[in-house]
Amino acid sequence: MTRRTRAVVVGGIVALSLASAWPAVAAATVTEFGDGISSGASPLRIAAGPDGNLWFTENGINRIGRITPAGKITEFSNGITGTGLQGIAAGPDGNIWFTEFDRVGRITPSGSVTEFTAPITGRNLTAIAAGADGNLWFTEANGKNPYIGRITAAGTITEFNGGLTVTPDSIGPGPDGNVWFAASGLDKIGGVTPTGTITQVDTGIESGPGAIGAGPDGGVWFTRFDGIGRITPATLSLQAFTSGVTGHPAGGIAIGLEGNLWFTEPDGNGEPLVHRARREPHRADHARRGDHGVSGSR
């Protein structure tokens, strides 16, 4: 049976349609969308919205963009007073949430914006993700004073930094009910419970973790400079997968509808690529693994 799926990657706005009889990919067609994007917009992050559209941050002009599955783009600026828009995620309240340099924003599917600033101690808000607890979680990559922040659907903000010794720059939901973050500059990842208890793990791999999120197998997966990695939440044991990776997959990672992991590779030996990863324990040629024996408790 032939199925069709579409993934959207931000650079301009690029749609990659993969026509395949799962699991093998038979063909790929790329369509770019630029009409409706203002000059200097610099689209950065993108997320699927609850309205069936895709929403993205325009870091260069401090706007939020919306693109329909047909490629029609609308930009929103009313109500956005901050700068440095970066992360974006769909919230459990039916709205889209995004980060600015020193505040969190919420935009409804119709384009109405509300911003929340207090109490945000840090600066340089980067990633944001919906947690299993019904809240949104975000990173404050503020140099020597970093935080993990939590904001409720009503806009109440709580910050956590107990046990946090690194600067987090990405965050995503885990399969264990916690959210997980990555600190690419110091080769660490960590988990945060719904009550704010932070556990950090040294990856033991000198190739900083990038994007992070739940995998289809109960693990937490993250991109690395030279491949992808996996951590088991219960034991904090780590694995490294580098075979078949030709460049530097410091981009995003997500679960496909067919149950595989997909990640972007901005520079696959000079060619940008999208990869699919399947975890097959009994195939030695599929991935080179390094279990670093990291253990701990939460």
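Loop-located trypsin sites (Lys or Arg not before Pro) in the range 115-183 (DSSP state not H, G, I, E or B) with no more than 12 neighbouring Cβ atoms inside 10 Å: Lys144. Based on protein heavy atoms only, the range 22-153 ends up with 42 Å² per residue of surface accessible to a 1.4 Å probe.
The distance between label points at Leu186 and Thr165 comes to 0.7 nm (points 7 Å beyond Cα on the Cα→Cβ vector).
Here is the list for the range 79-123: chymotrypsin sites (Phe, Trp or Tyr not before Pro) lying in DSSP coil, each with at most 16 other C-beta atoms within 10 angstrom of its C-beta, are Phe101.
Taking θ as phi - 60° and the Karplus parameters 6.51, -1.76 and 1.60, the scalar couplings of the range 116-123 work out to 10, 10, 10, x, 10, 7, x, 9 Hz in sequence order, x denoting glycine and proline. Distance between the pseudo-spin-label points of Asp202 and Asp93 (7 Å out from Cα toward the beta carbon): 4.1 nm. Working from Cα pairs under 8 Å separated by at least six residues, relative contact order for the range 85-238 is 14 percent.
Share of carbon and sulfur in the accessible area of the range 54-93 stands at 46%, probe radius 1.4 Å.
The values are calculated or read from the model by the stated rules, or taken from the named source; none is laboratory data. Everything numeric here is computed off the predicted structure, so don't read it as measured data. Because the Cβ atoms are built from the backbone with ideal geometry, glycine has one as well, and the counts that use them run over all protein chains shown. Heads up: the accessible areas ignore ligands, DNA and RNA and are worked out on the full protein's heavy atoms, side chains in. Shrake-Rupley method; radii C 1.70, N 1.55, O 1.52, S 1.80 Å.
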